[in-house]
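These notes are about the structure you will find just below.
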Amino acid sequence: MSNQEQEVVKPKIGDYRRHLLVCTGPRCSADGASQALFDSLGDKFKAAGLNAGDLRVKRSRVSCFAACKGGPIVCVQPDGTWYYNVTPDNMDRIIDEHLCHGRRVEDLVFHQAGED
């Protein structure tokens, strides 16, 4: 069988409720703050019970959202909620209020998909 005829293996992924996208691009925040925020999420999700079960949150790094101010910037999907100034303390608020209880943290939202 040639390389062109090899079957492509269909990937698998665990179920999740929400997908958190973190911009780790260099223009979003200074001194690696966005990458540090992303790196902290594993422990934060585990502590909040978001690493498994019905509320499981998947996390991914994004290189650029083309919204290069006010970072770190985080987007919660499929909700379409965009947060700015996501400091460690603000991330704790987003985890508790939005990811665990389904309430946006309004003072940190800079865009909400589907709303003018």
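Key figures for this structure:
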| quantity | calculated |
| --- | --- |
| Residue match in the range 93-113 (condition: touching a Leu at 6+ places or on another chain (Cβ under 9 Å), at negative phi and not in a helix (DSSP H, G or I)) | no |
| Unique match (being β-branched (Val, Ile, Thr), within 22 Å of ARG27 (Cα to Cα) and in contact (Cβ under 8 Å) with a residue 40 or more places away in the chain) among VAL86, VAL109 | VAL86 |
| Flag if GLY114 is touching a Gly at 6+ places or on another chain (Cβ under 7 Å), more than 25 Å from GLY14 (Cβ to Cβ) and not aliphatic (A, V, I, L, M) | yes |
| Every residue from the range 57-70 that is buried (at least 16 other Cβ atoms within 10 Å of the Cβ) and either touching a Pro at 6+ places or on another chain (Cβ under 9 Å) or within 17 Å of ILE95 (Cα to Cα) (or both) | VAL57, LYS58, ARG59 |
| In the range 1-49, the residues that are among the basic types (Lys, Arg), in a helix (DSSP H, G or I) and surrounded by 13 or more Cβ atoms within 10 Å (Cβ to Cβ) | LYS44 |
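Each reported figure results from applying straightforward, stated rules to the coordinates on display, with no laboratory input. Because the structure is predicted, anything quoted here is derived from the model rather than measured. Ideal geometry is used to build each Cβ from the backbone, glycine not excepted, and the neighbour counts take in all protein chains shown.
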